[in-house]
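I have placed the structure first, in the form of structure tokens, so that the comments after it can refer back to it.
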Amino acid sequence: LKAGSVLDPKGKEGLANLVGSLVDEGTKTKTSEQIAEYIESLGAHFNVSVGKTRTEITAKCLTPDADSLLSIVSEIVMYPTFPKKEFEREKRRQISSLKNNLSNPNYVASVKLDELVYEGTPMEHPTDGYIESVEKITLDDVKEFHKNYWLPNLSYVVVVSSLEPEEAIRKIEKFFGNWQNREISLPDIPKPKGEKKVEIFHMDGINQAYIRLAFPVDVQRNSPDYNKVRVANYILGGSGFSSRILKKIRVEKGYAYSAYSYVMPNIVWKEENYPSIFIAGLQTRVETSEDAVNTLVELIKEAKEKGFTEEELNAAKSFYNGYIARLSETYSQIAGLISTQYEYKLPNMFWIKDIDEIRSLTLNDINETARKYFNTENFVLLIVTDTTKVKFKNLKI
């Protein structure tokens, strides 16, 4: 469903997440307990996950039980009743979870990084909202959000099974055929600006520094350059102990247990070409945090200016050759791949095409990609730490 937290009203951030957690707490024919017992009796699995731009509903059962599972899933999706008692309980739980999360530096770092990267856009707030915003959400808000955005014209369905495709389609039409379209105007989402920002956020009493560095990469998941970017990132910080970032920061300097980078594919929204986001991070002792930041920035600059080696490229090719092939071993994995294929308008069996593309990459391809897309000027840098213990006077950024 195109019904993620970007649709949260201002001041009521966390609404989409609350809706997602409440839909299976009661329908026109069943209570929350009866729903849970029914799904359990089938030996089935059901889950709702709310993200920034989408809500994903997953359900899994044995093929002979497909009708039984679809009957309850369609009820949950189309006819939730949002009982007041369950609403109050779930709202308290979400607020309690937020209070607990605010003492977790990793959670705080993730929230603050989004606020910096997506500043001024509906993407900037956390999916679960803020304590004060969730407190303002009413039961009417929940019902209105569901009515406005849980719609078939904002949805697609993926089925992976032993059923013939025509039979699977008939089952979906049987149980979701009464789901009514409703015209809705989705808001625009401005693209991240890619400006240089540095924030040092204070948390009392912690002895570590939680460091995040991010910048937009003007490449989409369906772009010809996407596989080049992911391979360049793999060498730089995505390959664990063989990555340059972990080798330097953990193995050589002993600053951190984990240091990494990854590329988060672009969001899909209203036919716009949004950038992917490069993110690097590590956690280190307060006294080593300043040099760790300088080292991280230097490693990105070095990759951009000097490139990589043939040996590093061959190792990356070998990894993806095995890794991508293992992504389609289960029904659930295939469902995820087909969802990605539909979402990003990728070719059929795109994951096989990815392997072929990566195999054909040259060292010049990867080095040109690093020069073009690794941004050593306009990045966001976030450091979450106890600022009474370090002053960061010698950051080389």
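The values are calculated or read from the model by the stated rules, or taken from the named source; none is laboratory data. Not measured: the values here are computed from a predicted model. Note: ideal-geometry Cβ built from the backbone for every residue, glycine included; neighbour counts use all protein chains shown. To get the accessible areas, we keep the full protein, side chains included, count just its heavy atoms, and leave off ligands, DNA and RNA. Shrake-Rupley method; radii C 1.70, N 1.55, O 1.52, S 1.80 Å.
So the values come out like this:
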| item | result |
| --- | --- |
| Qualifying residue in region 68-84 (condition: within 24 Å of Pro190 (Cβ to Cβ) and open to solvent by 60 Å² or more (accessible area, probe 1.4 Å)) | no |
| Any hit, region 48-65, residues being closer than 23 Å to Ser155 by Cα, in contact with a Phe, Trp or Tyr (Cβ under 7 Å, 6 or more places away or on another chain), at pLDDT 95 or above and in a loop (DSSP other than H, G, I, E, B) | yes |
| Top-ranked residue in region 1-56 [being open to solvent by 40 Å² or more (accessible area, probe 1.4 Å) and among the polar types (S, T, N, Q); ranked as nearest to Ile267 (Cα to Cα)] | Ser49 |
| Residue in region 211-221 that is closer than 29 Å to Val108 by Cβ, open to solvent by less than 10 Å² (accessible area, probe 1.4 Å), assigned to a helix (DSSP H, G or I) and touching a residue at least 12 places away in the same chain (Cβ under 8 Å) present | no |
| Enumerated helices (runs of 4 or more DSSP H) restricted to region 125-190, each holding at least 2 residues that are among the β-branched types (Val, Ile, Thr) | 131-135, 165-176 |
| Positions within region 294-314 being aliphatic (A, V, I, L, M) and either under 16 Å from Ser261 (Cβ atoms) or in contact with a strand residue (DSSP E or B) (Cβ under 9 Å, 6 or more places away or on another chain) (or both), in sequence order | Leu296, Val297, Leu299, Ile300, Ala303 |
| Cβ-Cβ under 6 Å pairs, at least 6 apart or on other chains, region 91-105 side on the phi < 0 side of the Ramachandran plot, far side of a type outside the set (A, V, I, L, M, F, W, C) and open to solvent by 40 Å² or more (accessible area, probe 1.4 Å) | Asn101/Tyr107 |
| Residue within region 286-297 that is free of Cβ contacts under 8 Å to residues at least 24 places away in the same chain and outside any loop (DSSP other than H, G, I, E, B) present | no |
| Residue in region 231-251 that is most open to solvent (accessible area, probe 1.4 Å), counting only those that are over 16 Å from Val297 (Cα atoms) and not in a loop (DSSP other than H, G, I, E, B) | Phe241 |
| Residues that are open to solvent by 70 Å² or more (accessible area, probe 1.4 Å) and not basic (Lys, Arg), drawn from region 306-318 | Glu310, Glu311, Asn314, Ser318 |
| Single residue of region 329-345 satisfying the filter (closer than 19 Å to Thr53 by Cα, touching a helix residue (DSSP H, G or I) at 6+ places or on another chain (Cβ under 9 Å) and of a type outside the set (Gly, Ala, Ser)) that is least open to solvent (accessible area, probe 1.4 Å) | Leu337 |
| The one condition in (1) of a type in the set (S, T, N, Q); (2) free of Cβ contacts under 8 Å to residues at least 40 places away in the same chain; (3) in a helix (DSSP H, G or I); (4) closer than 17 Å to Trp150 by Cα that Gln34 fails to fulfil | (4) |
| Residue satisfying all of: in region 86-105; open to solvent by 60 Å² or more (accessible area, probe 1.4 Å) and of a type in the set (Lys, Arg); farthest from Asp24 (Cα to Cα) among these | Lys99 |
| Of all residues in region 274-331 being among the small types (Gly, Ala, Ser) and more than 21 Å from Thr376 (Cα to Cα), the one that is modelled with the lowest pLDDT | Ala325 |
| Within region 301-397, helices (runs of 4 or more DSSP H) holding 3 or more residues that are touching a residue at least 60 places away in the same chain (Cβ under 8 Å), farther than 13 Å from Val231 by Cα and under 25 Å from the mean Cα position of the chain (by Cα) | 331-343 |
